[in-house]
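The block underneath contains the structure these notes are about, expressed in structure tokens.
Just so you know, all these numbers are worked out from the coordinates, no wet-lab data involved. Since this is a predicted model, take the numbers as computed values, not measurements. Here the Cβ positions follow ideal geometry from the backbone for every residue, glycine too, while neighbour counts run over all protein chains shown.
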Amino acid sequence: MKREKTKGITLLALVLTIVVLIILATVSINMLFGENGLVTSANMATLMSEFSTYIEEKEMFDAGKKLEDLNYDEETLNASKGSLAYGEVLREGNITTVIPSMKDGYLDKFEIIKGELYVNTADDLEIQVAQALGLNVNPYLIIDGVLMSANQNLGLQTGSNTLTIPGSVTAIGAGAFSGVKGLKEVIIPGTVQEIRNDAFSYNTEIEKVTIQNGVESIGTNAFYGCSSLKEITIPDSVTTIGREAFRECTNLIKVQLSNNIETLNYAVFNSCINLTEINIPTNLQSIGVNAFIMCKNLDNITIPAGVTDISSSAFRNCTNLINLTIDPANEVYELDEKQPGIIYKKENGLRTSLIMLAPMANEETVRISEGITSLDRGALSICTNMKTLELPSSLSSITGQAFSELRLLESISFPQGNDNYTVQDGYLYGNNGTELIYVVPTKRQIEINENVQTIKTFAIQNRNITEINIPNTVTTIEEQIFLGTINLVKIHIGSGVSNLSSGFKSWSNIPNGLQIEIDGNNPNYKVENNLILTKDGTEVVTYVDKNVQTQEIPTNVVKIRDSAFTDFDIATEIRLPNTLKEIGRSAFTYCERLTAIELPSSVETIGENAFSYCANLETIKINKAEGDLAGAPWGAPKGDRVLVWSE
């Protein structure tokens, strides 16, 4: 018993001894490594010396430059591991050109932005030293190399209205500088690999953009609406240019494309009305839909041998493009021997599709050769003086889009007949008369045959009509059927329509004050509160009259369909009900005067690009916790800057 007691005391003494040793060790460690420890103090002193030297060398660089040039402005100095710029010009060198003694370990942490030395670090000791010396720490929102769309990043613009992207940036985030006021020059170093969607869209004052070799991709809408930009050089490192990247750059005159571009995407130079000079790379393979639409001053282009895909609408409304030629080595496309501006696509050596009719731009009578099987969108758009059109019996594919911009056309005929289509008094029908494909635009009154079941896209392009009655036999109305109907004021939709496209009147230029009536016996749709709704009132199909500034969506609506408010460009306010659960794709696209919108907590899903092209949208208030709705900011041009979450 006594032995066991002695043994217990011995164990207790051992435990106490260990505790004391741990305490002593901790005290010693804290003395060496703690917040005020010897090692910590020594490290801090070393950092203070190094960082002070960096500050001194940077000041010496500025002083030297001022001696060389009295106009040197240190606010224009930007330097990082990968780039150097000052005087608003990219230079040879990097941050060690400014700070020669900088250690390799700090090349990724130090950066000069707008003349200020910054430390990008999460290290507590480095932050403490930097703050003690007056250095800035992590001033801009850059996450994993992506310069985000954030208000603090707008401060990168200098007083001289120049933006130089920091060298630590590898991607310019979506919408990062969309709609910035006063921005006139952009300098993008080769350290940047991506210019993402809408990065500089709607900047109407940008006059100069420098893109250094090293940038690999330019995103969708990246420079959309930069109407003061006059020329752009895209380096050979760029392999991808997104859809509509330079759309409505209306003063763009000269473009030097990368030699490594293989595709000119949808509407990439849409409405660049002053574009006169552009090189077409020899590596090019595809020219997409509306790539050069409305480039009215473009007068010559040569299609390289490797191009295997040209959209019929690629050069739509290019009314001066009379010198369009093709490399003789091209195996897919060829010129007409007698009229070189006519371009055909071949299959198995035979001409099948008509691409371009440049020599016929001023002809009143146009005859399409036998053997042609396809007339796609915009194929005839350059023939603006055409009054009579003769089509071949071989034609098996045609859409109303082929006739865009024809204002004087009076008659269409098939001199040798056609098994696929019929023409009656200027009405072009397909599918045994059940589809209305097109009505000649000189008609002053539209009377739709009661055999018609489907009205096809772009079918009606008449400027003269004021009213239209869609009979009860029609079941389907496709999108954009009223292109250019600038005097249309009333539409009556019959009882039989069961498939009504939300975009059936989009971009139609219908004047304000439009009235739409739907037959009371129609079981599928009704008109209420300036909206076309499903009969049960739970879904918004589209709006009626765009001349409305405040649109109230009724209670009980649970879904706004795809493209429902496309081109609703007068509205400044759209109020959503607490019953709403789903917002469709592109639902509010081109609502150009909408500045703010509030999403109720009931919303569960929002479709892709719901707010795309909403150039003035500054705030999307979301009554949910951040991240509860996928896909934010749903195509809003200004990106994450517009998002306001309730939690």
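Taking every DSSP bridge with both residues inside region 48-139, close to 85 percent are antiparallel.
For the chain, the Cβ-based charge dipole about the Cα centre amounts to some 1000 debye (Lys, Arg positive; Asp, Glu negative; other atoms uncharged).
Relative to the longest principal axis of the Cα atoms of the chain, the long axis of helix 38-68 lies at roughly 50 degrees. Note on the chain: Kirkwood radius taken over Cα pairs, Stokes-Einstein applied at 25 °C and 0.890 mPa s, translational D equal to 85 µm² s⁻¹.
Going from the fewest other Cβ atoms within 10 Å to the most, the residues 160, 563 appear in the order 160, 563. Between residue 407 and residue 647, full extension at 0.36 nm per residue minus the direct alpha carbon distance yields a gain of 80.9 nm. For the residue pairs 535/581; 456/490; 296/345; 58/103, the alpha carbons lie more than 22 Å apart in 296/345. Charge dipole of region 140-260 (Cα centre as origin; +1 on each Lys and Arg Cβ, -1 on each Asp and Glu Cβ, all else neutral): 200 debye, rounded to the nearest 20. Pop the C-beta distance of residue 263 and residue 336 into the FRET formula with R0 = 30 Å and round what comes out to the nearest 0.05. Rounded to the nearest 0.05, the efficiency is 0.70. When 377, 585, 316, 91 are sorted by how many other C-beta atoms sit within 10 angstrom of their C-beta, beginning with the fewest, the order is 91, 585, 377, 316. Full extension of the chain segment joining residue 509 with residue 161 gains 121.6 nm, where the gain is 0.36 nm per residue of separation less the Cα-Cα distance. For region 303-317, 3J(HN,Hα) computed residue by residue from phi via the Karplus equation (6.51, -1.76, 1.60; θ = phi - 60°) reads 7, x, 5, x, 6, 10, 8, 10, 5, 4, 9, 4, 10, 4, 6 Hz, glycine and proline entered as x.
Annotation: amide H-H contacts under 5 Å for residue 325 (H modelled 1.01 Å from N, sequence separation of 5 or more, or interchain): 301, 302, 303. Amide H contacts under 5 Å for residue 574: 551, restricted to partners 5 or more places along the chain or on a different chain, H placed in the peptide plane at 1.01 Å from N.
Using the Cβ-Cβ distance between residue 490 and residue 450 with R0 set to 25 Å, the FRET efficiency works out to roughly 0.80. Over the chain, DSSP H runs of length four or greater, each weighted -39,500 (n - 2.57), average out per residue to a 222 nm ellipticity of -4000 deg cm²/dmol.
For region 349-496, the antiparallel share of DSSP beta bridges with both residues in that region comes to about 30%. The alpha carbon centroids of region 200-265 and region 526-573 are separated by 36 Å. Computed extension gain for residue 204 through residue 442, at 0.36 nm per residue and net of the alpha carbon distance, reaches 81.9 nm. Taking amide hydrogens as placed 1.01 Å from N in the peptide plane, the amide H of residue 110 sits under 5 Å from those of 120, each at least 5 positions away in sequence or on another chain. Considering only 264, 292, 466, the residue lying farthest towards the positive end of the dipole of the chain is 466, judged by Cα position with unit charges set on Cβ. Taking θ as phi - 60° and the Karplus parameters 6.51, -1.76 and 1.60, the scalar couplings of region 377-388 work out to 4, x, 4, 10, 5, 6, 8, 6, 9, 5, 10, 10 Hz in sequence order, x denoting glycine and proline. Pull out a ≥ b ≥ c, the square roots of the eigenvalues of the alpha-carbon gyration tensor of region 198-323, then state rounded if a/c is under 1.5, prolate if not and a/b is larger than b/c, and oblate in the remaining case. Because a/c hits 1.5 or more and a/b fails to exceed b/c, region 198-323 counts as oblate. Bridges between two residues of region 140-260, per DSSP, are antiparallel at a rate of about 15%.
Here the simple spin-label model places points 7 Å from the Cα toward Cβ, and for residue 193 and residue 67 these points are separated by 4.2 nm. Each Lys and Arg adds +1 at its Cβ and each Asp and Glu adds -1 at its Cβ; summed about the Cα centre, region 48-139 shows a dipole of about 100 debye. Which angle from 0 to 90°, rounded to the nearest 10, does the C-alpha axis of helix 2-33 make with the longest principal axis of the chain? So the helix axis and the longest Cα principal axis differ by about 70 degrees.
The distance separating the Cα centre of region 289-355 from that of region 422-455 comes to 30 Å.
Rounded to whole numbers, the Karplus 3J(HN,Hα) couplings from phi for region 137-143 are 10, 6, x, 10, 7, 10, 10 Hz, using 6.51 cos²θ - 1.76 cosθ + 1.60 with θ = phi - 60°, and x at Gly and Pro.
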